[in-house]
């Protein structure tokens, strides 16, 4: 199917370009083609707004492996629902005025029905001077204005990455640009649209795609947001609880310098205070994660990241209780037999059981030999055996 130059440029209205190949209007690959084939597909526009960002979260999204980014953008993410990445300044085919027209069109035609993704901190100092996204009537429009306008009319807002979720490194002290997280900006402007924080520096692509899919399937309630507006399916458990060095921690085996084997707590690991499923999900298509690579967790999913002091300053796991060395899993019941007695009785019972098995086996073998002797025919006379 041949595309005109204008059709190629209009790719910014609903698709992206991957490795410079436009995926717009390829028969059989996009939601419009599926609709033409008689399959009902509802388009859910997604506006990805990069404010004070480093593009790391965008790279993480493009690295999604199951499903791939092509499958996310070209196939229904759920039966009958197709995501249309309508605006993403980093990866979209269009640029300049054409890109901004695409943004304005989506915001106007899909008011209240699009998902806004904010990637990066939003600067508030000097009327938002430090980040501008496009122009309107010859006047630069700040990222602050964009987020307020688009956030107020969105179906839901996803704060992707540590910066958008909690401020991250750009909002660390002294924070000269007065960078705000989405939660802080919404509270400041009185915006009541539901928002979801997906922290991480960068976040795992599964967290982004999985959150969007759950949001479309079951709404915000289906995400079971915690007190920090994070989706529970990804941020319910402490990293420390699933870390492969947990056993070393409980035995008091700590690495004193990088490269040594043992728990990395003394090297500043924030696993005991950070909630995320990194040890189970891992990064780079399940290849590895920070601690497995020998580096302490820096707590990039924690609301206090990057912390007031050094990211490598040890934390005090004051809210953790752990056994000194192989303590019983359960305390004995009041007035009952203690754990040592249970172990002794168990060993005696096991020994008696094994002894009984041995006696029974020997008796069965003896009876079998006697039956074989009785059934053996007598030797023929005159023949030597």
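So, residue 262, is that one over 20 Å from residue 309 (Cα atoms) and loosely packed, with under 15 Cβ neighbours inside 10 Å or not?
The answer is no for residue 262.
Within segment 175-209, which residues are part of a helix (DSSP H, G or I) and out of contact with any strand residue (DSSP E or B) (no Cβ under 8 Å at 6 or more places or on another chain)? Working first, answer last.
Residues of segment 175-209 part of a helix (DSSP H, G or I): 182-189, 205-209.
Within segment 175-209, 184, 187, 189, 206, 209 qualify.
Can you go through 225, 158 and tell me which one is surrounded by fewer than 23 Cβ atoms within 10 Å (Cβ to Cβ) and either farther than 26 Å from residue 132 by Cβ or outside the structural domain of residue 261 (by TED's automatic domain parsing) (or both)?
On the way: 158 fails: surrounded by fewer than 23 Cβ atoms within 10 Å (Cβ to Cβ).
Matching residue, one of 225, 158: 225.
Read through the list (1) within 28 Å of the chain's Cα centre (by Cα); (2) under 20 Å from residue 86 (Cα atoms), then give the number of the only condition that residue 141 fails.
Evaluating residue 141 over (1) within 28 Å of the chain's Cα centre (by Cα); (2) under 20 Å from residue 86 (Cα atoms) leaves (1) as the failure.
Select from segment 266-290 the residues that are under 26 Å from residue 252 (Cβ atoms), without any contact (Cβ under 8 Å) to a residue 40 or more places away in the chain and in contact with a helix residue (DSSP H, G or I) (Cβ under 9 Å, 6 or more places away or on another chain) and write down the one among them that is surrounded by the most Cβ atoms within 10 Å (Cβ to Cβ).
271
Given the residues 81, 116, which is the only one that is surrounded by 15 or more Cβ atoms within 10 Å (Cβ to Cβ), more than 30 Å from residue 172 (Cα to Cα), under 23 Å from the mean Cα position of the chain (by Cα) and in contact (Cβ under 8 Å) with a residue 40 or more places away in the chain?
81
Among the residues in segment 121-129, are any free of Cβ contacts under 8 Å to residues at least 60 places away in the same chain, buried (at least 22 other Cβ atoms within 10 Å of the Cβ) and within 30 Å of residue 172 (Cβ to Cβ)?
Within segment 121-129 (the criterion being free of Cβ contacts under 8 Å to residues at least 60 places away in the same chain, buried (at least 22 other Cβ atoms within 10 Å of the Cβ) and within 30 Å of residue 172 (Cβ to Cβ)), the answer is yes, since at least one residue qualifies.
Might you let me know whether segment 217-224 holds any residue that is closer than 20 Å to residue 302 by Cα, in contact with a helix residue (DSSP H, G or I) (Cβ under 8 Å, 6 or more places away or on another chain) and without any contact (Cβ under 8 Å) to a residue 24 or more places away in the chain?
yes
Can you name the number of the only condition in (1) in contact with a helix residue (DSSP H, G or I) (Cβ under 9 Å, 6 or more places away or on another chain); (2) farther than 17 Å from residue 164 by Cα; (3) surrounded by 17 or more Cβ atoms within 10 Å (Cβ to Cβ) that residue 198 fails?
(2)
Does segment 121-150 hold any residues that are assigned to a loop (DSSP other than H, G, I, E, B) and closer than 21 Å to residue 54 by Cα, and which are they?
Passing the criteria: 124, 129, 130, 131.
Kindly indicate which of 174, 203, 170 is crowded, with 18+ Cβ neighbours inside 10 Å and within 21 Å of residue 308 (Cα to Cα).
170
The values are calculated or read from the model by the stated rules, or taken from the named source; none is laboratory data. Note that the coordinates shown come from a computational prediction; the quantities given were computed from them, not determined experimentally. Here the Cβ is made from the backbone with ideal geometry for all residues, glycine too, and neighbour counts use every protein chain on show.
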